[in-house]
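Colleague: Sharing a structure below in structure tokens format, with a few things to ask.
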Amino acid sequence: MYEILKTLCEIPGPVGREERVHGFLRERWRARGLEVDVQPVGNLVARVGGRGPKLLLLGHGDEIGFAVRHISPEGFLFLTTGQRLGTDRPEMRGSYGLPTGQPALVMTREGAVEGVFATLTGHVLSQRQRETAQLEWRDLWVDLCVGSRAEAEALGVRVGDRVVWNPPLRRRGDYIYGKALDNRVALALMDALLERVRPDELAYELFLGSSVQEEIGLIGAHSINRAVGASYAIALDIALSGDVPGVDQADVSARLGGGPVLVHKDLYAYSAPLTYAIADAAEAAGIPIQHAVLGIFGSDAGALMRDGVAAALLGVPTRYTHSPFEMLHAADLDRAADLLAAFVRRPPTFLDQGER
């Protein structure tokens, strides 16, 4: 799965600019004989086939990013969040200070332009700047290696363009790290599932979906099921891993290599019958899983629950989330794909449990 995950992670797809990711999957899945559509809002929906209740597996195509808010006379790009919290500031340990020194990619109307995320470094800092503990947005910019605004604009760069950090995905042993694992992991799992099951093995009428603008408030997920009409859904995403220094295991107990994570509750309370059915499928197949209740976390399954869909959340444990160096374990990825394959083959005996 590493090769398809690497391909997906290295396709730029910030919030509102998911079309490259979805275009790649549309052509790849159509070549496998699936019915694939891209909705007007940008969501991708594919019908796999099978018979039974409709089940939607859902990921999201967007990744953490920024938006160009100003181009200086010298050609530097000043940024703001590409997500929804305009008051967020690029503090050193937040999602928005972490890109410093990382390669940048600016998504213009015509294509992509490379640069680097930059900030002032020690030798030229004033005393006041040295004493400033908290960065503001003006303290972070993208250097396009040009000398003027005119040169930047000649490259096609405009205010409103989206920007992503752009390191390659890497693998060291069983560990995989880089940007956009949140949430290209889900799309890679769906792709792997197509290699593991045939439509005539399915206990459901199965659909695959990738939403837009999840990172800005589950936007695409609020409408994606209108074209599907699924009664059941499993959101696929990353999950938090607490196996790093400074994290109390009582707060975040999942670890890399321990198996996929079944999230019972975060900002949303997920369908108990469906969640238990996934756990039963894992036990029957001998696949280790981890259980979690998370605090500041959420998923597209929350939007589907609001829409009347019984939804669950299955995640791959990930370190350093919302960073350019997100990290996971290859075994967790394989086990998550195996679990999905086991679940979609398993008769849906849980359907009447909601009344108990």
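The numbers here are math on the coordinates, done by the rules we state, and not lab data. Computed from a predicted model, the values in this text were never measured in an experiment. A quick note on method: Cβ atoms are made from the backbone with ideal geometry, for glycine too, and the neighbour counts reach across all protein chains shown.
Colleague: Let me check against my output: what whole-number percent is the relative contact order of the chain, with C-alpha pairs under 8 Å and at least 6 apart?
Modeller: In percent, rounded to a whole number, it is 22.
Colleague: With just the Cα atoms defining each centre, how far is the stretch 1-31 from the stretch 127-150? Give it in Å.
Modeller: Going from one Cα centre to the other spans 32 Å.
Colleague: At each listed q (0.12, 0.13, 0.15 Å⁻¹), what is the log10 of I(q)/I(0) that the Debye formula gives for the chain modelled as equal alpha-carbon point scatterers?
Modeller: -0.86, -0.99, -1.26
Colleague: Treat each spin label as a single point 7 Å out from the Cα along the C-beta direction, and report the Asp143 to Tyr2 distance in nm.
Modeller: Calculated label separation equals 3.3 nm.
Colleague: Taking amide H positions as placed 1.01 Å from N in the peptide plane, with prolines and chain starts having none, which residues 5 or more places from Ala254, or on another chain, fall under 5 Å of its amide H?
Modeller: Close amide H contacts, sequence-distant or interchain: Gly242.
Colleague: Stretched out fully, how many nm does the piece from Arg196 to Glu35 gain, at 0.36 nm a residue minus the Cα gap?
Modeller: Difference between extended and current length: 56.1 nm.
Colleague: Which percent of Cα-Cα pairs in the stretch 66-165 sits in each 10 Å bin, short to long?
Modeller: 16, 49, 29, 5, 0
Colleague: Related question: Run the quick spin-label model on Ala331 and Gln249: label points 7 Å from Cα toward the beta carbon, then report their separation in nm to one decimal.
Modeller: Rounded to a tenth, the inter-label distance reads 1.6 nm.
Colleague: Additional query: Output the peptides 29-39, 214-224 sorted from most to least packed, where packing is the average of other Cβ atoms within 10 Å over each peptide's residues.
Modeller: Sorting 29-39, 214-224 by mean packing, highest first, produces 214-224, 29-39.
Colleague: How large is the charge dipole for the stretch 66-165, taken about the Cα centre, if only the Cβ atoms of Lys, Arg (+1) and Asp, Glu (-1) carry charge, to the nearest 20 debye?
Modeller: Magnitude of the dipole: close to 280 debye.
Colleague: Assuming R0 = 41 Å, can you tell me the calculated FRET efficiency for the pair Gln129 and Leu351, based on Cβ-Cβ distance, to the nearest 0.05?
Modeller: Efficiency, rounded to the nearest 0.05: 0.10.
Colleague: Here's another thing I want to ask about it. Nearest 0.05, what FRET efficiency do Glu74 and Tyr320 give at R0 = 56 Å with Cβ-Cβ as r?
Modeller: Working: r = 33 Å, r/R0 = 0.58.
Efficiency at R0 = 56 Å is approximately 0.95.
Colleague: Counting Lys and Arg as +1 and Asp and Glu as -1, each charge on the Cβ, what is the dipole of the chain about the Cα centre in debye, to the nearest 20?
Modeller: The dipole of the chain has a size of about 240 debye.
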